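This report refers to the structure that appears directly beneath it.
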Amino acid sequence: MSKKILVLPGDGIGTEIMAEASKVLRFLNNKFSLGLELEEALLGGAAIDAVGNALPDNTFALAKEADAILLGAVGGPKWDKLPPADRPEKGGLLRLRSELQLFGNLRPAILYPQLAGASSLKPEVVSGLDILIVRELTGGIYFGEPRGIRELDNGERQGFNTYVYSESEIRRIARLAFELAMKRDRRLCSVDKANVLEVTMLWREVVQDMASDYPDVELSHMYVDNAAMQLVRAPKQFDVMVTGNMFGDILSDAAAMLTGSIGMLPSASLDANNRGMYEPCHGSAPDIAGQNKANPLATIMSVAMMLRYSLGLEEPAAAIDRAVSSVLDQGIRTGDIFSDGCTLVGTDGMGDAVVAALAE
Ligand code: NAD
């Protein structure tokens, strides 16, 4: 039975990197006879310009039907003056994630040995790094009610948010993390602030309760301040980390930088049935948009995650991993990962190099 893939290029470099990711996906579709049907739609600023809405009804209908979604990036200065709820990010991307209940955000931070010199940390600290951060994406303080800015009796303004997690929300993200740990090195570190915040005391209790279902996984707990420190001190101690929305937002960006370039980082956001949206961790990079300078590898590696996690197609996913490694071995680099002695290519040149490596 054919599987439907919805392709949402978005804005800025989104269209350029998605052209390369689609090139790779179409090549694999033919080579492995995957029977994937690709359909493209508008999201974000491009959709605002075309139909006046960051998440058009047609895009939303296709997204609900799709087996998986591939996204470039949305946003840009052109739409920054719109009210926040109408902008490409909130009105398009965040709405789509929340409507589709994509609660599990997977952000791998893998350092290819060929790029060890591009990290801001010493090569021996990061070389061989392979961490997976699992972040809860649809709950916690980013969505908790009540929230707002109110005026107190003394006339002073006060901002407030609510940090809330129910047991079922904790259980479903923890289950996803335990399952992923089972497929890796079987070590899971749950990150919280259980010494101060009641909501994360419950988080720790629920995660600990679930450990008996996964006797092969070595579970540990760490306070978020220590986890931030350990990530830059000795990041290789981690295999899978699981945490809430806000802590995950911050820790995954720190982990991202361990690998040198944001242009190398894929991500996945999954629902309870492993349907998901796959996208690079970076944004629409207006500063380099339209210049054929963007690194498409994060998006190409997001295709590999999609094949692996939502479609169960390990062989073509592994072929992408090998092709990316081979291209890096050949010294082919976009500007963000370039170093002396390497061959500088543009966005399209990098996509072509990956397809050529897949064809070998
Ligand atoms: P950004 O990630 O777009 O860019 C940050 C820096 O990294 C820039 O210097 C950019 O040139 C560089 N960069 C990013 N991706 C690259 C790539 N593939 N290859 C080479 N260099 C790359 O972040 P920003 O500048 O803070 O945001 C720009 C716009 O993107 C904003 O409108 C923001 O809201 C939006 N944004 C969207 C998403 C998303 O769609 N998921 C995520 C983050 C930011």
**Normalised contact order of the chain, rounded percent, pairs of Cα under 8 Å and 6 or more residues apart** = 21
**Complete:** In this structure, among Lys31/Lys183; Lys193/Lys236; Lys122/Lys236; Lys3/Lys31, pairs with alpha-carbon gaps over 20 Å are Lys31/Lys183; Lys193/Lys236
**Prompt:** Which ³J(HN,Hα) values, rounded to whole Hz and listed in residue order, are derived for the stretch 126-136 from phi using the Karplus coefficients 6.51, -1.76 and 1.60 in 6.51 cos²θ - 1.76 cosθ + 1.60 with θ = phi - 60°, glycine and proline given as x?
**Reply:** 10, 4, x, 4, 8, 10, 10, 9, 10, 10, 5
**Prompt:** Which shape class applies to the stretch 20-124: rounded if a/c is under 1.5, otherwise prolate when a/b exceeds b/c and oblate if not, where a ≥ b ≥ c are the square roots of the Cα gyration tensor eigenvalues?
**Reply:** oblate
**Item:** Most positive-pole-ward Cα, Ser168, Leu180, Ser190, against dipole of the stretch 149-238 from beta carbon charges
**Value:** Leu180
**Asked** What order, most packed first, do the peptides 81-88, 250-257, 185-192, 143-150 have when packing is the mean number of other Cβ atoms within 10 Å of each residue?
**Response** 185-192, 250-257, 81-88, 143-150
**Item:** Label-point gap, in nm, between Asp86 and Asp321 - each point 7 angstrom along Cα→Cβ
**Value:** 4.6
**Prompt:** Once Lys and Arg get +1 and Asp and Glu get -1 on their Cβ, which of Gly341, Ala19, Phe238 lies farthest toward the positive end of the dipole of the chain?
**Reply:** Gly341
**Message:** Give the lysines reachable from Lys78 as a straight Cα distance under 29 Å; neighbours fewer than 8 places away on the same chain don't count.
**Reply:** Lys23, Lys64, Lys90, Lys293
**For the stretch 265-278, Karplus couplings with θ = phi - 60° (6.51, -1.76, 1.60), whole Hz, Gly/Pro x** = 10, x, 7, 9, 10, 10, 9, 5, 9, 6, 6, x, 10, 10
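How would His221, His282 line up from fewest to most surrounding beta-carbon atoms within 10 angstrom?
Numbers: His221 16, His282 24.
Fewest to most other Cβ atoms nearby, the residues stand as His221, His282.
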**Prompt:** What is the fewest-to-most order of Ile173, Ile320 by other Cβ atoms lying within 10 Å of their Cβ?
**Reply:** Ile320, Ile173
**Complete:** For Lys23, Lys122, ascending order of other Cβ atoms within 10 Å (fewest first) is Lys122, Lys23
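Quick note: the coordinates plus some simple rules give every number you see, no bench work behind them. Fair warning: this is a prediction, and the values are worked out from it, not measured in the lab. All Cβ positions, glycine included, derive from the backbone under ideal geometry; neighbour counts span all protein chains shown.
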